[in-house]
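The values are calculated or read from the model by the stated rules, or taken from the named source; none is laboratory data. Owing to the predicted nature of the structure, the values given are computational and were not obtained by experimental measurement. Every residue, glycine as well, gets a Cβ built from its backbone with ideal geometry; the counts of neighbours run over all protein chains shown.
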Amino acid sequence: MSTAIITGASRGLGLALARALARRGWTLAIDARGERELEFAAAELSELTDVTAVAGDVSDPWHREVLLARAGTSINLLVNNASLLKGPSADPRAPQPELARYPISDLQRVLSVNVLAPLALVQAALPLMPDGAAVINITSDAAVEPYEGWGGYGASKAALDQLSAILAAEQPRLRVYAVDPGDMRTRMHQEAFPGDDISDRPPPEDSVPGLLALIDGARPSGRYSARQLASASSSGEVVS
């Protein structure tokens, strides 16, 4: 039986992927910062598969240690999905600040969650991952496009992209993917555009087939678009 760790799995893309894997019989270890939402997610998923849920902050070493211990002795998939859009001092009702006004303490927090925590989790999980196991780091087009106001988040995802590429070069026995899920109708995306109507964005479930194509397939390590993978899979095209 295959085991997956998915961070940030109480809602959005993390929960959508967890549901898909649960239907396939994967054993799941999931986490999220919000305990109540995580409890609801775990209760739903437990009707389909074995699931353990650990509430906490993925940037906390103790939390990561507990999550790894609950996952068991063999991890076939690690999905670093948990992300932070803004730092703690940011006004949730306001757009993200430009870099000239970006508090350094906020940037340190964003980098801690979006870059350092995924790497730390990979480092801890490596001894438990068999050959051919997969690491999926959820990135963003903000990592490669210079959107105004996205300097903090975009810089963190650019760092995650490069981290993924180097990890792939150093760990050829694993499949290491940086995956851009595309725009999604999620709470985080709404927080990025306070007051705007984002109902035209597709739901996170639309990005899941692309992730499953990587999990199920034998594509080489690299950076992929989940939407392109999903489209290619449905049409029989090859994405490399």
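For segment 77-98, check the following and say yes or no: at least one residue is surrounded by fewer than 20 Cβ atoms within 10 Å (Cβ to Cβ) and modelled with pLDDT of 95 or more. Checked against the condition, which is being surrounded by fewer than 20 Cβ atoms within 10 Å (Cβ to Cβ) and modelled with pLDDT of 95 or more, segment 77-98 yields no hits at all. The residue pairs whose first member lies in segment 210-231 and is under 17 Å from residue 164 (Cβ atoms), whose second member is of a type in the set (D, E, K, R) and in a helix (DSSP H, G or I), and whose beta carbons are closer than 9 Å, counting only pairs six or more residues apart or on different chains, are 210/227; 223/161; 225/141; 226/206.
Out of 125, 143, 117, one residue alone is more than 19 Å from residue 12 (Cβ to Cβ), under 17 Å from the mean Cα position of the chain (by Cα) and either surrounded by fewer than 17 Cβ atoms within 10 Å (Cβ to Cβ) or small (Gly, Ala, Ser) (or both). It is 125. Within segment 117-128, track down each residue that is out of contact with any helix residue (DSSP H, G or I) (no Cβ under 9 Å at 6 or more places or on another chain) and either of a type in the set (A, V, I, L, M) or over 15 Å from residue 163 (Cβ atoms) (or both). 126, 127 - these are the residues of segment 117-128 that are out of contact with any helix residue (DSSP H, G or I) (no Cβ under 9 Å at 6 or more places or on another chain) and either of a type in the set (A, V, I, L, M) or over 15 Å from residue 163 (Cβ atoms) (or both).
Residues that are among the polar types (S, T, N, Q), part of a loop (DSSP other than H, G, I, E, B) and closer than 14 Å to residue 57 by Cα within segment 74-86 comprise 81, 83, listed in sequence order.
Among the residues of segment 12-34, none qualifies, meaning not one is in contact with a Phe, Trp or Tyr (Cβ under 8 Å, 6 or more places away or on another chain) and surrounded by 15 or more Cβ atoms within 10 Å (Cβ to Cβ).
Only a single item in (1) under 13 Å from residue 163 (Cα atoms); (2) among the aliphatic types (A, V, I, L, M); (3) buried (at least 21 other Cβ atoms within 10 Å of the Cβ) is not met by residue 133, and it is number (1).
Residue 89 passes all but one of (1) polar (S, T, N, Q); (2) assigned to a strand (DSSP E or B); (3) without any contact (Cβ under 8 Å) to a residue 24 or more places away in the chain; which number fails? Going through (1) polar (S, T, N, Q); (2) assigned to a strand (DSSP E or B); (3) without any contact (Cβ under 8 Å) to a residue 24 or more places away in the chain one by one, residue 89 breaks only (2).
Residue pairs whose Cβ atoms lie under 6 Å apart, separated by 6 or more positions or on different chains, with the first residue in segment 158-171 and within 13 Å of residue 220 (Cβ to Cβ) and the second modelled with pLDDT of 95 or more and crowded, with 16+ Cβ neighbours inside 10 Å, are 164/137; 164/176; 164/178; 168/176; 168/221.
Which one is farthest from residue 141 (Cα to Cα) among residues in segment 216-227 that are in a helix (DSSP H, G or I) and over 14 Å from the mean Cα position of the chain (by Cα)? Here the residue is 216.
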